[in-house]
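Each remark here refers to the structure printed beneath this line.
No lab work stands behind these numbers, since they all come straight from the coordinates. If you're wondering where the values come from, they're calculated on a predicted model, not measured in any experiment. In this analysis, Cβ positions are derived from the backbone assuming ideal geometry, glycine residues included, and neighbour counts consider all displayed protein chains.
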């Protein structure tokens, strides 16, 4: 069902800065670096697939994303409670609440770690005033924070050799 969900989401995701490839990377990070409990696996992974479906800006993702996600999930036969939970995560996935659900934390951390991927790091690293410490400091899971620190060190090392 998740492949069908991704297939329906791709046309919307391709309108974003990093396209559907970003979503695939976030999905792979979530699957590789988290032991997602079976009871929330579908909710978590559906939220990952749909998190950026509203557009490139946070405003569009928050305002348009939930409605697009609702329509896609409804088309696939998901129930209203499930749809409501996914839409709630989409509507706030850039926020940093103190006590979010585990599904939210997995998406949030995976979406931050992807910023350090070879494909996305140059984009963020070239932004004036961008602070990697702030990004890494907000990651919820310690093992992802450690991985992010190592990834940042590797990217900086590679960058110093290229200069």
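Let me spell it out: the conditions are (1) over 14 Å from residue 110 (Cβ atoms); (2) assigned to a helix (DSSP H, G or I); (3) in contact (Cβ under 8 Å) with a residue 24 or more places away in the chain, and residue 67 meets all of them except one. Which number is the exception?
(3)
Please verify whether the range 13-21 includes one or more residues that are in a helix (DSSP H, G or I), in contact (Cβ under 8 Å) with a residue 40 or more places away in the chain, over 13 Å from the mean Cα position of the chain (by Cα) and surrounded by fewer than 20 Cβ atoms within 10 Å (Cβ to Cβ).
Checked the range 13-21: no residue is in a helix (DSSP H, G or I), in contact (Cβ under 8 Å) with a residue 40 or more places away in the chain, over 13 Å from the mean Cα position of the chain (by Cα) and surrounded by fewer than 20 Cβ atoms within 10 Å (Cβ to Cβ).
Please state which one of 39, 55, 31 is on the phi > 0 side of the Ramachandran plot and either surrounded by 14 or more Cβ atoms within 10 Å (Cβ to Cβ) or part of a helix (DSSP H, G or I) (or both).
Going through 39, 55, 31 in turn, the sole match is 55.
So which residues in the range 135-163 are in a helix (DSSP H, G or I) and under 28 Å from residue 85 (Cβ atoms)?
Matches in the range 135-163: 135, 136, 137, 142, 143, 144, 145, 147, 148.
Looking only at the range 89-122, which residues are out of contact with any helix residue (DSSP H, G or I) (no Cβ under 8 Å at 6 or more places or on another chain) and within 27 Å of residue 69 (Cα to Cα)?
95, 98, 99, 105, 108
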